[in-house]
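Worksheet: one structure, shown below.
Quick note: the coordinates plus some simple rules give every number you see, no bench work behind them. Please read all numbers here as calculations on a predicted model, not as lab measurements. We place every Cβ from the backbone using ideal geometry, glycine too, and count neighbours over all the protein chains shown.
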Amino acid sequence: MNRVNEKKHLPWRLALGGIAWVLGAGCGDVSPEAHSPAAPPEVVTAQPAAHPERRGIGAVELPPRGPSAQAVTVDPRMSLIVTDDVIVKTFLFQKVMNQLVSQSAVAGLTPLALFNQWWSTANPPSCTPTFNGFPYQCPRAEGAQAGVNPFINPGVNPDEYVALALINRFDLAPLTGDDCGEYRIIFGKRSGFTNPGQRNLIIFEAVLPNPTPGAGLAGCTAVAKFWAQLTATPNPATRATMLQNFYFTGLTGFMPVIHIDNYGNRVGPPATGQVRSNQFMQPPWTLREFQVKRTMCGSVPCALTFNPVTVKTNPGGTLFNPASTHPLTFNFQNVELPSQVPSLAVNDINLFNMAISNASNSGQSNAQGPENQYLFQFTPGPSIFRNNIQTELTFLGSTLTPDEVVARSLALSCAGCHQFSNGANLGGGIIWPPSLGFAHVEEQLDPGPFGPRFRISPALNAVFLPHRKAVIETFLNSSCGDSICQPWETTSVCPVDCP
């Protein structure tokens with residue numbers, strides 16, 4: 001069993017967990033607009049979900065690299081995250097929205113109507129002060145975008161969205177090869193380039209299906225090779241064309257990355273993706289999550305909507321408070337979080353992990369104030385919750401403290417990763433690397449080998465990208481027949497290595 005996912009489940013814990021999860025399985029989803037057909041509500045499940053940034057082959061210990069006739073290496077800034085302005089400026093927000101509208105086949109729908117509907121979810125009656133039983137700021141200033149047009153006057157329109165980064169997350173592909181990982185585009189609102197109070201970042205995070213899942217992860221080899229080829233392609237115009245084809249058309253045999261099914265409309269397997277936001281247009285700064293859903297009226301598509309959903313692996317902050325009266329608190333403090341201590345105690349900055357039931361997730365991750373500051377909520381005094389965490393640490397023989405476990409869970413939340421955990425001591429010699437202050441990719445430019453490129457955080461540059469580089473290089477430099485049974489190889493796929 002992989003030690004990252006190893007957990008100790010005692011019968012009494014499972015029994016308590018079943019009772020508490022049943023009691024807390026209500027859904028606090030945001031209602032759709034009155035004039036639109038009702039979108040299917042998000043299913044807030046009681047089963048733990050893999051961390052959205054720490055799943056798949058990147059969440060296991062790297063095996064040895066197999067021999068290769070020609071070793072493959074990648075440049076992280078060419079094959080893992082592309083922020084060169086000369087390339088990303090070819091990715092127009094309107095082209096993305098056009099493609100989603102076209103795929104929906106909803107009569108009369110326009111990209112502008114879809115954009116306005118998206119941001120109307122920040123206004124009543126489409127939002128309420130609670131979501132899934134946790135605080136949810138409603139309304140928010142971002143809701144004003146329900147009345148603007150981001151597609152006119154490019155270059156000077158403050159409401160225009162500009163592409164900042166293209167991101168390769170092949171490391172999120174599952175060992176089974178059900179999908180080929182996530183491929184992302186970050187857009188920033190033009191007003192935020194000069195006015196910090198008018199920033200809004202949106203991230204389209206598509207899960208790309210494996211067209212040959214019977215081949216396992218080997219069915220995704222073409223995707224990994226495509227991104228590696230970008231390193232060997234010095235001409236930025238050629239790379240831009242390659243990336244345009246990957247995102248909007250798809251590699252041979254693959255669907256395009258930009259597809260409604262890859263942003264929430266697919267009912268898995270394979271998994272679907274999401275769209276996330278970093279919202280700065282009024283305090284507190286908050287991170288939220290959406291899924292794109294098409295509604296059918298009989299056999300006719302009649303609506304496409306952006307629907308707010310819970311922010312994954314972001315438990316509501318009150319669940320960490322020993323004095324909390326939230327109905328899920330008992331289960332969370334006695335079962336759910338203690339069961340994650342073995343994963344959180346793994347002493348590798350790229351591998352310690354946490355899986356949380358969706359029922360425990362909040363609809364926002366608040367990066368300012370105490371709401372989602374788990375250490376503040378945990379309090380320094382004695383509690384049964386603290387004892388539960390210490391019991392697990394003692395069983396593991398870990399020298400971590402309960403506070404360090406909670407600090408690690410905070411680092412894995414959106415608010416922690418982006419702000420609260422910058423420079424934090426997480427125990428075991430691990431110091432969480434800093435963001436750029438609220439973001440890991442920002443609107444400011446640095447000089448690059450191909451002209452100006454949007455700035456990335458020290459955390460990405462020094463910690464997370466090197467790990468992702470090792471993952472994709474290990475995959476590409478290993479093959480069936482190299483005498484190493486890789487975690488993604490099986491007896492049926494590669495019997496010579498995995499007898």
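Quick notes on this structure:
- Qualifying residue in the stretch 455-466 (condition: part of a strand (DSSP E or B) and surrounded by 17 or more Cβ atoms within 10 Å (Cβ to Cβ)): yes
- The stretch 104-119 residues that are in contact (Cβ under 8 Å) with a residue 40 or more places away in the chain and within 14 Å of Arg294 (Cβ to Cβ), paired with ones that are crowded, with 21+ Cβ neighbours inside 10 Å and of a type in the set (Gly, Ala, Ser) (beta carbon under 6 Å, 6 or more apart): none
- Any chance Ser383 is more than 30 Å from Val471 (Cβ to Cβ), touching a residue at least 24 places away in the same chain (Cβ under 8 Å) and not acidic (Asp, Glu): yes
- Cβ-Cβ under 9 Å pairs, at least 6 apart or on other chains, the stretch 424-438 side among the polar types (S, T, N, Q), far side in a loop (DSSP other than H, G, I, E, B): Asn425/Trp432; Ser435/Ser421; Ser435/Asn422; Ser435/Ser457
- Filtered residue count, the stretch 121-139, keeping only those that are farther than 19 Å from Gln274 by Cβ, touching a residue at least 40 places away in the same chain (Cβ under 8 Å) and either touching a helix residue (DSSP H, G or I) at 6+ places or on another chain (Cβ under 9 Å) or buried (at least 18 other Cβ atoms within 10 Å of the Cβ) (or both): 3
- Some residue of the stretch 363-378 being in a loop (DSSP other than H, G, I, E, B) and hydrophobic (A, V, I, L, M, F, W, C): yes
- Counted residues, the stretch 178-205 - those being among the hydroxyl-bearing types (Ser, Thr, Tyr) and farther than 19 Å from Lys95 by Cβ: 2
- Qualifying positions in the stretch 242-258 - surrounded by 23 or more Cβ atoms within 10 Å (Cβ to Cβ) and closer than 14 Å to Asp179 by Cβ: Val257
- Being hydrophobic (A, V, I, L, M, F, W, C) and in contact with a Ser or Thr (Cβ under 7 Å, 6 or more places away or on another chain) is true of Val311.
- Residue-level check: of (1) farther than 20 Å from Pro380 by Cβ; (2) in contact with a Pro (Cβ under 8 Å, 6 or more places away or on another chain), Gln333 misses just (1).
- Residues satisfying the stated conditions in the stretch 285-334, i.e. hydrophobic (A, V, I, L, M, F, W, C) and in contact with a His (Cβ under 9 Å, 6 or more places away or on another chain): Trp285, Leu287, Leu319, Phe332
- If only residues of the stretch 424-454 that are of a type in the set (D, E, K, R) and buried (at least 19 other Cβ atoms within 10 Å of the Cβ) are counted, the one that is farthest from Phe170 (Cα to Cα) is Glu443.
- Exclusive hit being closer than 29 Å to Phe290 by Cβ, surrounded by fewer than 22 Cβ atoms within 10 Å (Cβ to Cβ) and not hydroxyl-bearing (Ser, Thr, Tyr), set Ala407, Ala355: Ala355
- Of all residues in the stretch 172-194 being touching a residue at least 24 places away in the same chain (Cβ under 8 Å) and farther than 25 Å from His51 by Cα, the one that is nearest to the chain's Cα centre (by Cα): Lys189
- The stretch 163-211, residues that are part of a strand (DSSP E or B) and acidic (Asp, Glu): Asp179, Glu182, Glu205
- Thr490 vs. criteria in a loop (DSSP other than H, G, I, E, B) and touching a residue at least 40 places away in the same chain (Cβ under 8 Å): yes
- Residues of the stretch 224-233 that are in a helix (DSSP H, G or I) and small (Gly, Ala, Ser): Ala224, Ala228.
- Taken over the stretch 379-394, the criterion of being assigned to a helix (DSSP H, G or I) and either touching a helix residue (DSSP H, G or I) at 6+ places or on another chain (Cβ under 8 Å) or closer than 16 Å to Glu336 by Cβ (or both) is satisfied by Ile384, Phe385, Arg386, Asn387, Asn388, Ile389, Gln390, Thr391, Glu392, Leu393.
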